[in-house]
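Working notes, beginning with the structure itself.
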Amino acid sequence: MDETVSEFFRRTILKIPLTEMMTILKTWNFLSENQLQTVNFRQRKESLVQDLVLLCEENRASLNDAALLDIIYTQFHRHQKVWDVFQMSKGPGEDTDLFDMEQFKSSFKKILKRALKNVTVSFRDAEENAVWIRIAWGTQYGKPNQYKPAYVVYYSQTPYAFTSSSQLKSNLPLLGQALTIASKHHQIVKMDLRSRYLDSLKAIVFKQYNQTFETHNSTTPLQERSLGLDINMDSRIIHENKTEKERVQRVTQEIFGDYPQPRLEFAQYKLETKFKSDLNGGILAEREEPLRCLVKFSSPHLLEALKSLAPAGIADAPLSPLLTCIPNKGMNYFKIRDK
Amino acid sequence: MELANTLSQDGESRGGVLAHLERLETQVSRSRKKMEEPQSAQAEESALGTRIHELRRLRDKLRAEVKQHQASVKASTTNVEPDQTLEITEQESLKRKRENVKAILQAYRFTGISGKLTSRGVCVCISTAFEGNLLDSYFVDLVMRKPLQIHHHSIPVFIPLEEISAKYLQTNIQHFLFTLCEYLNAYSGRKYQADRLQSDFEAFLAGPLQRNSLCNLLSFTYKAEPEGQFFPFCARLLYKDLTTTLPTDVTVTYQGTDALSTTQEEQRAAHEDLFFTKPLHQVFTSFARKGDKLDMSLVS
């Protein structure tokens, strides 16, 4: 086995936490049960990794096998990457999309290889007729850098592709082109949507986040929302603004629904607007040029946080549509200008 | 007696006067009995008849008594609380009616399209089925506004919902729902066939079944007999019409390195026909059945 491949194996296996080692190796399914049994998984990580690399050498593992292991690791740790969303479109009146996965894969690889000789492309099929693609970029004269790969997740016969933000931005147009042509689309556009949570991004663009429907078959009736008041609460305590609290609850429920919100970490608003004020005068009101500023909301779970703002009394209900439109519009990057 | 014994050997005419008298005596006694029988029978009959009359009289008397008793009980209960008993029975009948209507509404999903009114419009449920098997249900929540809007839905992203709603949602909602129903039922049917092939006939396939989200392109390498290690055929099924569950294009190719014999060519052509006309899993069911029979060639 090549020195570089061997090193690549070592560094990839080293990344895997000990608690997940067995699961990931089994998913990889490259080393047999017998081989795995010969390894002592309780030893120091360094020596464990050495043993495993030796086994890979025994099995004559190739670069592609290592790339596959890297894909599996990334699938288990997808939150470690930040994902962008691309939207593709077809021309009008196109024939039925007869998507052939093998054709797609070979076409995608061919397009990249034709443009860039030094590139490693690997595929792994995933559930729901999706494919994970790993691309290690090289240059005209340099071998592909296996330690900074780009990932693309594509669900067949959909117009959306999810890509991990590649450090090498110059290759993005080529990637877009390969995707578009291989999936038989005409155009590709980057959406203003980005997050670490790939599954939430999928839920947003596939419109799968609100999946509660009223039917005659459901046994649970529409529940009366309680104000979070304890039934055992002292009867001497009265809520002064009960009607207002109920209104806020109702409005929040109408906007955010009863379903768990998709997970995003931030929303960013780039403002280029003139200053608006109720008061007459003031230095800023006279300013002709628009103000430029960036407002960023960050949270471990942004939409749930926004949902809890009004009931907690921190903001008025209803919230600004700029905040509530995020899942509907599939955007968390906004540019706001004066009309 | 001795006289009778010695004389009987000569026949009846000889029996003598005594024997003759004996015979006459028995005859008379028999006929007398016969005459007495109807008389006794008659006596019995009349006795039974009177008994029957008596019993009937007793029965009528008792019946009358029971009726009287019932009437008096009814009169007493109606005097006490007439309204409550009526109410209870009304309540019960209403409850039963309500349960009945609920059950009918729940059962409506078996018609394929059903719905429930919501605070903002209606939530339509499209229940798909194939070959009598109830499959997945899909929902479209509509907001009754001008223009009609889809609030949220559970239609898979690869079904051309935007296209269909652009064409029909505002102008002809019935057509919108029926078209959507067509697409979803066809998709469910194709998916069902592909899933059945993958799970039930794994032994007949070499390697996994190649498919896509819409299940409108299926590709697999297979054999038509349960035994044997050689998978001679490669099939490629295209479903260009998204509203059908049978393929529009079928290509079966022979995989072997040796030349194609006439029987194999016949098989190949026959398989192509089968895939065109029968659902996928049924074709493989027939392959499996052929393996059980000995002389299939003679039958076909």
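A few comments on the model shown:
- Test: residue in the range A:145-152 that is within 14 Å of chain B (Cβ to nearest Cβ), open to solvent by 20 Å² or more (accessible area, probe 1.4 Å) and in contact with a Leu (Cβ under 9 Å, 6 or more places away or on another chain): no
- Pairs, first more than 9 Å from every other protein chain (Cβ to nearest Cβ) and surrounded by 19 or more Cβ atoms within 10 Å (Cβ to Cβ) in the range A:87-104, second of a type in the set (Val, Ile, Thr) and not in a strand (DSSP E or B), C-beta under 7 Å, six or more apart: A:MET88/A:THR180
- Some residue of the range B:241-250 being among the charged types (D, E, K, R), farther than 30 Å from B:ARG289 by Cα, open to solvent by 40 Å² or more (accessible area, probe 1.4 Å) and outside the structural domain of B:CYS123 (by the TED database): yes
Condition check ((1) within 30 Å of A:LEU198 (Cβ to Cβ); (2) β-branched (Val, Ile, Thr); (3) assigned to a loop (DSSP other than H, G, I, E, B)) across all residues:
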{"position": "A:SER235", "(1), (2), (3)": "no, no, yes"}
{"position": "A:GLN253", "(1), (2), (3)": "yes, no, no"}
{"position": "A:ARG263", "(1), (2), (3)": "yes, no, yes"}
{"position": "A:LYS339", "(1), (2), (3)": "no, no, yes"}
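- Condition broken by A:GLN208, with the remaining ones in (1) open to solvent by less than 50 Å² (accessible area, probe 1.4 Å); (2) within 14 Å of another protein chain (Cβ to nearest Cβ) satisfied: (1)
- Residue match in the range A:130-141 (condition: of a type in the set (D, E, K, R) and either open to solvent by less than 20 Å² (accessible area, probe 1.4 Å) or under 16 Å from the mean Cα position of the chain (by Cα) (or both)): yes
- So B:LEU184, is it surrounded by 14 or more Cβ atoms within 10 Å (Cβ to Cβ) and under 27 Å from the mean Cα position of the chain (by Cα): yes
- Total residues in the range B:212-240 satisfying the condition of being out of contact with any helix residue (DSSP H, G or I) (no Cβ under 8 Å at 6 or more places or on another chain), within 14 Å of chain A (Cβ to nearest Cβ) and in a loop (DSSP other than H, G, I, E, B): the figure is 2.
- Counted residues, the range B:150-179 - those being among the hydrophobic types (A, V, I, L, M, F, W, C), at the interface with another protein chain (Cβ under 9 Å from one of its Cβ atoms) and out of contact with any Phe, Trp or Tyr (no Cβ under 7 Å at 6 or more places or on another chain): 1
- Scanning the range B:75-116 for residues that are of a type outside the set (Lys, Arg), under 26 Å from B:LEU142 (Cβ atoms) and either at pLDDT 90 or above or surrounded by 10 or more Cβ atoms within 10 Å (Cβ to Cβ) (or both) returns B:VAL101, B:ALA103, B:ILE104, B:LEU105, B:GLN106, B:ALA107, B:TYR108, B:PHE110, B:GLY112, B:ILE113, B:SER114, B:GLY115.
The values are calculated or read from the model by the stated rules, or taken from the named source; none is laboratory data. Predicted model only: the values in this text are computed from it and were never measured. In this analysis, Cβ positions are derived from the backbone assuming ideal geometry, glycine residues included, and neighbour counts consider all displayed protein chains. Protein only, heavy atoms only, side chains kept; ligands, DNA and RNA dropped before computing areas. Shrake-Rupley method; radii C 1.70, N 1.55, O 1.52, S 1.80 Å.
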